[in-house]
Amino acid sequence: MTIRSAVVTPGEDLRRPEISRGGRAAAAGPAGAILVLLLMACLPYLVEPGLTSELVTLCYLVTLASMWNLLAGYAGMVSIGQQAYIGLGAYALFLANDHGLDVYTGTIVVSAVVALVAWPLSYLAFRLRGGYFAVGTWVIAEVVRLVVVRFDSLGGAGGRGLAAVTEDPLLRRAFTYWLALGVMAAAVLGTYLVLRSRLGLDLQAIRDDETAANSVGVDVTRGKRVIYVLAAAGCAAAGAVICVDGLGVASPGQIFGVQYSALMIFMVVIGGIGTVEGPVIGALVYFLLDKYFAQSGVWYLVIVGAAAIAVSLYLPRGLWGTLDRRSGLAIFPVARRVHGHQGTARPETRT
Amino acid sequence: MQHNESQPARRTVLRALGFGAAAVGAAPLLSACAGGLKKSGQSSDSTIRIGYVSPRTGAFAAFTEGDAYILEQVRARFGKGLTYGGKTYSVEILDRDTGSDPQRAAGIAGELITRHNVDLMLATTTPDTVHPVAEKCESEGVPCVSTIEPWQAFFFGRGGSATKTFKYTFHFNSGIEGLARIETDMWRLFDTNKKVGVLWPNDSDGAAFRDKTAGYRAQTGVGGFTIVDPGAYENGTKDFSSVIARFKEEGVEILAGVPAPPDFSTFWTQASQQNFQPKVATISKAVLFETSVAALPNGLGDGLCVATFWLPAFPFSSTITGQTAQQLADGYERSPLSRGRKWNQGLGFNHALFEVAQSVLTRADPKDREAVAECLSRTTLDTVVGHLTWQGGGAANPVKNVATTAGVGTQWVRRADGSFELKVVSNSLVPTLKLDGKAKQL
């Protein structure tokens with residue numbers, strides 16, 4: 001937490017400025033978000049399934065972006081190996097499904113199981129720092145892939161389909177959509193709750209300066225480990241959604257592909273790293289770019305690349321980060337703000 | 001402090017458990033909510049929509065270079081509409097690029113089915129495109145025709161078996177048995193010690209070839225040859241020394257396999273440096289195109305053999321345009337849409353997809369998905385890639401959903417100017433095709 005300035009104009013009332021997280025707005029933002037989610041939950045009754053099946057993609061993109069933001073934006077862990085957990089989520093879903101669990105309940109179980117796998121793996125990853133950590137996570141992802149393709153029952157190197165899914169296409173589409181929506185809601189609201197908790201405070205301290213945080217009594221490693229495991233669980237849930245949406249995994253190379261990491265980084269950087277809202281905005285931007293330019297051949301990649309360059313050069317805080325800084329707007333206020341005596345909230349602190 | 005912290009923690013855990021239980025309990029309840037779900041709009045109008053999903057960019061783009069030309073041709077022909085039962089339907093072809101990404105292929109297939117209500121889906125090139133599209137179609141009940149993927153991967157790789165066949169998804173392509181037949185024919189053209197070194201990577205193709213029951217070694221033509229398998233290697237391997245050493249140690253004189261193009265380039269360069277010189281090399285996938293052969297350093301592509309499943313000399317013609325294979329290839333090369341590129345095998349196969357589409361949509365009610373799927377299972381058609389049939393069993397229809405095509409053995413021969421020419425050296429499966437001469441030893 002860095003207090004950049006606490007401007008008190010001389011001659012004015014020198015009462016102590018109040019520090020808050022946005023007061024009434026703190027409730028209004030999340031309440032609005034929940035309203036939007038409820039509205040989205042009704043969509044299968046209101047619009048044609050074409051739209052909701054596209055929104056499934058948006059939902060898992062938001063989930064992935066939120067998880068990466070939690071890692072890199074709040075705990076300072078730049079991982080390029082989250083595809084390990086996306087892939088594990090998808091493959092664990094096969095196992096759950098083969099043992100008679102329906103894919104929707106299976107998703108919850110799978111994210112818990114993958115969290116348990118991520119816990120010991122974190123000891124391995126945390127031996128490395130910075131750039132080495134990034135490469136190390138990628139290596140872990142590759143190793144996980146190589147182990148998974150050894151199992152013929154999981155389709156080996158060729159991918160496989162889900163054995164038992166809802167037969168009726170209409171029901172399946174609606175269920176898949178609700179599943180994706182639920183996972184997204186859990187990811188975004190979960191991020192928000194984590195950040196408002198004591199752990200959130202620890203994380204913000206860790207992000208700003210690990211050594212300093214350690215010296216004031218923050219258990220740095222514990223905080224990072226909890227986040228690493230949570231992010232793994234979130235990515236696994238997203239992987240399970242991807243698997244349900246695609247009715248299986250076409251190839252292990254794809255589901256364990258590093259392109260997911262590139263995608264997550266892109267969305268978070270575009271939207272604004274270190275904000276709860278940023279990844280949502282970033283995912284939305286990527287989703288729209290993909291929707292409207294994916295058929296433009298190689299130009300698609302040029303456009304996506306140009307967007308990334310433009311944002312990182314001119315809006316280094318990302319779209320939401322810039323908006324947040326200029327207007328002090330926050331749907332999910334986790335930052336403490338200093339209020340002057342006139343009650344005007346200024347985004348004086350960024351947490 | 002300790003006490004204070006432990007209290008809320010327990011409460012949090014209980015709360016989380018409550019949420020979890022609620023979520024688990026909610027799943028069956030959801031089934032009750034199906035009543036008011038909105039359905040897709042009905043597509044009982046007079047337009048037939050055909051979805052065409054292909055990897056026009058990305059790793060597999062070479063197979064679909066001809067797409068722009070094929071689509072222009074087919075759109076011109078289908079512009080007059082297709083007639084079934086006295087009613088003429090206008091035709092809309094929705095072509096989509098997957099970027100060679102299976103995830104996007106699945107998304108595209110979903111969009112084409114739910115948003116555009118396509119009546120027939122066509123998909124091409126590799127399991128990465130075909131499988132996600134076919135899975136969507138099978139589950140949504142949309143008829144789908146696909147090609148350019150060994151049929152064993154299409155059928156067995158998607159869980160097909162003697163007892164489980166597919167209702168909506170159909171495929172035409174050669175398989176491992178055809179490839180083995182053609183390759184072993186080419187091996188027999190040379191006097192060797194019958195020891196075959198194989199490059200079968202750790203991917204879906206390699207696994208299909210290595211498979212004990214349906215793979216390469218199970219094929220009849222391979223009997224009499226000794227297969228030397230150094231084991232599955234990872235795609236992207238940079239050092240093949242141990243593989244080459246093994247081949248040299250075993251005295252391998254024949255090389256075969258399905259390596260990825262960059263891996264074969266690495267292997268073949270190192271083999272040349274380490275003096276591993278087989279008499280014949282039959283390589284699938286890596287040397288299908290002239291560009292990939294020409295890309296091998298020092299003209300090392302000269303003399304490599306490859307099984308070819310479509311080439312302009314094929315004695316077949318199109319049911320859409322009436323063109324012979326030669327005319328189709330010439331037309332493509334002359335068209336500005338080819339941008340100066342040469343024909344390749346994808347041209348014939350992707351064109352044939354639309355031939356099958358035209359055939360079934362004029363023989364079954366295009367707006368009745370079950371009827372179209374049922375019609376597909378009874379289709380026999382002479383296309384530009386040869387005779388296709390999804391009925392009658394035998395080698396031409398090994399399983400319900402598959403029609404096989406034939407191929408010939410060909411060899412890349414380097415011309416004086418450094419370009420490469422594909423010569424037909426073995427023709428047992430298409431005996432009407434003239435040989436271009438005798439195969440030369442590497």
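Every number in this text was worked out from the coordinates using simple rules, so none of it is lab data. Quick caveat: nothing in here was measured; it's all calculated off a predicted structure. As a convention, Cβ positions derive from the backbone with ideal geometry for all residues, glycine included, and neighbour counts pool all protein chains shown.
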(message) Taking the Cα centre as origin and putting +1 on Lys and Arg beta-carbons and -1 on Asp and Glu beta-carbons, what dipole magnitude results for segment A:45-267, to the nearest 20 debye?
(response) 540
(request) With only Lys, Arg, Asp and Glu charged, each at its Cβ (+1 for the first two, -1 for the last two), find how big the charge dipole of the protein assembly as shown is about the Cα centre; round to the nearest 20 debye. (result) 1320
(request) Could you pull out every whole DSSP H run in chain B that spans at least 30 Å of Cα extent along its own axis and averages -0.5 or higher on the Kyte-Doolittle scale? (result) B:2-30
(request) Per DSSP H run of n ≥ 4, the term is -39500 (n - 2.57); total these for chain B, divide by its residue number, and report the mean residue ellipticity at 222 nm rounded to 500 deg cm²/dmol. (result) -11000 deg cm²/dmol
(request) May I ask for the distance between the Cα centers of segment A:26-83 and segment A:162-188, given as a whole number of Å? (result) 14
(message) Give the aspartates and glutamates whose C-alpha is closer than 16 Å to that of B:K279, dropping any in the same chain fewer than 8 places away, or say none.
(response) B:E183, B:D185, B:D191, B:E249, B:E250, B:E253, B:D302
(message) Can you compute the radius of gyration and Dmax for segment A:69-127, using only the Cα atoms, both in Å?
(response) 13.2, 39
(message) Going by average Cβ density within 10 Å per residue, which order do the peptides A:169-180, B:429-440, A:138-149 take, highest to lowest?
(response) A:169-180, A:138-149, B:429-440
(message) Given segment B:144-243, report the % of alpha carbon pairs whose separation exceeds 18 Å.
(response) 55
(request) In Å and from the alpha-carbon atoms only, list the Rg and Dmax of segment B:180-301. (result) 13.4, 39
(message) I want the antiparallel fraction of DSSP beta bridges within the protein assembly as shown, as a percent rounded to 5.
(response) 45
(request) Could you list the square roots of 5 times each eigenvalue of the Cα gyration tensor of segment A:125-181, that is, the equivalent ellipsoid semi-axes, sorted largest first and rounded to whole Å? (result) 34, 19, 7
(request) Indicate, rounded to the nearest 5 percent, the antiparallel portion of the DSSP beta bridges found entirely in chain B. (result) 35
(request) For segment B:320-423, just say rounded, prolate or oblate: build the C-alpha gyration tensor, square-root its eigenvalues into a ≥ b ≥ c, call rounded for a/c under 1.5, and beyond that prolate if a/b exceeds b/c, oblate if not. (result) oblate
(request) Rank by packing, highest mean first: peptides B:365-373, B:227-235, with packing defined as the count of other Cβ atoms within 10 Å averaged across residues. (result) B:365-373, B:227-235
(request) For B:K167, go through the aspartates and glutamates and keep the ones whose alpha-carbon is under 16 Å away, minus same-chain ones fewer than eight residues off. (result) A:E167, A:D168, B:D119, B:E135, B:E138, B:E140, B:D368, B:E370, B:E374
(request) Give the relative contact order (percent, whole number) for segment B:296-407; include only Cα pairs under 8 Å separated by 6+ residues. (result) 24
(request) Mind grabbing the base-10 log of I(q)/I(0) for segment B:83-141 at q = 0.15, 0.28, 0.29, 0.30 Å⁻¹? Debye formula, identical points on the C-alpha positions, no solvent, two decimal places. (result) -0.46, -1.18, -1.25, -1.31
(request) Mind jotting down the three principal axis lengths of segment A:79-166 based on Cα atoms? Whole angstrom, largest first. (result) 44, 26, 16
(request) Pairs to check: B:K212/B:K438; B:K39/B:K367; B:K400/B:K423; B:K212/B:K238. Give those whose C-alpha atoms are more than 23 Å from each other in this structure. (result) B:K212/B:K438; B:K400/B:K423; B:K212/B:K238
(message) Need the C-alpha centroid separation for segment B:219-235 versus segment B:136-178, integer Å.
(response) 25
(request) Once you have the Cα-Cα distance between B:K87 and B:D45, take 0.36 nm times their residue separation minus that, and quote the gain in nm to one decimal. (result) 14.0 nm
(message) Is the C-alpha gyration tensor of segment A:113-225 telling us rounded, prolate or oblate? Criteria: a/c under 1.5 is rounded; beyond that, a/b larger than b/c is prolate, otherwise oblate.
(response) oblate
(request) Could you give the DSSP H helices of chain A that reach 30 angstrom or more along their long axis (alpha carbon positions) and whose average Kyte-Doolittle hydropathy is no lower than 1.0? (result) A:24-46, A:103-125, A:169-196, A:220-245
(request) Any chance you could run the full-extension gain for B:Q273 through B:K80? It's 0.36 nm times the residue separation minus the Cα-Cα distance, nm to one decimal. (result) 63.6 nm
(request) Give me the distance between the Cα centres of segment B:336-399 and segment A:199-245, rounded to whole Å. (result) 53
(message) If I take the Cα coordinates of chain B and project them onto the principal axes, what are the three extents in Å, biggest first?
(response) 78, 76, 43
(request) Just need the relative contact order of chain B here, percent rounded to a whole number, with Cα pairs under 8 Å and 6+ apart. (result) 16
(request) List the relative contact order of chain A as a percent without decimals, with contacts defined as Cα pairs under 8 Å and 6+ residues apart. (result) 32
(message) Quick check on chain A: helices-only [θ] at 222 nm, where DSSP H runs of length 4 and up contribute -39,500 (n - 2.57) each and the sum goes over total residues. Nearest 500, please.
(response) -22000 deg cm²/dmol
(request) Can you put A:L230, A:L88 in order of Cβ neighbours within 10 angstrom, beginning with the fewest? (result) A:L230, A:L88
(request) Do me a favour and compute the ellipsoid semi-axes for the protein assembly as shown from its Cα gyration tensor, root of five times each eigenvalue, largest one first, whole Å. (result) 52, 31, 24
(message) Report the Rg/Rh value for segment A:45-267, based on alpha-carbon coordinates and the Kirkwood definition of Rh.
(response) 0.99
